[in-house]
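A.B. asks: Before we start, here is the structure in question, set down as structure tokens.
We did not get these values from a lab; they are worked out from the coordinates using the rules stated. This one's a predicted model, so the numbers in the text were calculated from it and none came from an experiment. As a convention, Cβ positions derive from the backbone with ideal geometry for all residues, glycine included, and neighbour counts pool all protein chains shown.
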Amino acid sequence: MKNSVDRSNDPKLEPVQCLPLEVKVYNNFDAAFKAFRAVVQKDRVLSLYKERQFYEKPSQKKRRKKAECIRKLNELDLKQKRILSGEFEKDKKRKEKKKQDKNTSRPQSYNSESR
């Protein structure tokens, strides 16, 4: 084949190399699974896998990054406006009150259980 290109050294084709992830299970599988998911998310294992699953053209990558940047700036701008108007503090107090009401409305037997 005349048009074939050697891509044996292409870093995109190599598998993602990660260190083994360890999570200790102390008789509570749910907590260990939650900790494992947090470690996986922190190390970006799944996001790296998804990024490398398909080829993304450089122009598409640039366009996606630019759109993400614009979205983040808009979110920060909106949050800043909410802080200046005092709406942010009102929402924060409302959420705290809702959380407090939720905790006080539980039956006593549920609150006394150890998790």
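A.B. asks: Looking at Lys92, Lys24, which one is assigned to a helix (DSSP H, G or I) and basic (Lys, Arg)?
C.D. replies: Values: Lys24 fails: assigned to a helix (DSSP H, G or I).
Every option except Lys92 fails the conditions.
A.B. asks: Any idea which residue in region 27-53 is surrounded by the most Cβ atoms within 10 Å (Cβ to Cβ), counting only those that are of a type in the set (A, V, I, L, M) and touching a residue at least 24 places away in the same chain (Cβ under 8 Å)?
C.D. replies: To start, the set of residues in region 27-53 that are of a type in the set (A, V, I, L, M) comprises 31-32, 35, 38-40, 45-46, 48.
Filter once more, so that each one left must be touching a residue at least 24 places away in the same chain (Cβ under 8 Å): 45, 48.
On the way: Val45: 14, Leu48: 12.
Ranking the qualifying residues of region 27-53, first place goes to Val45.
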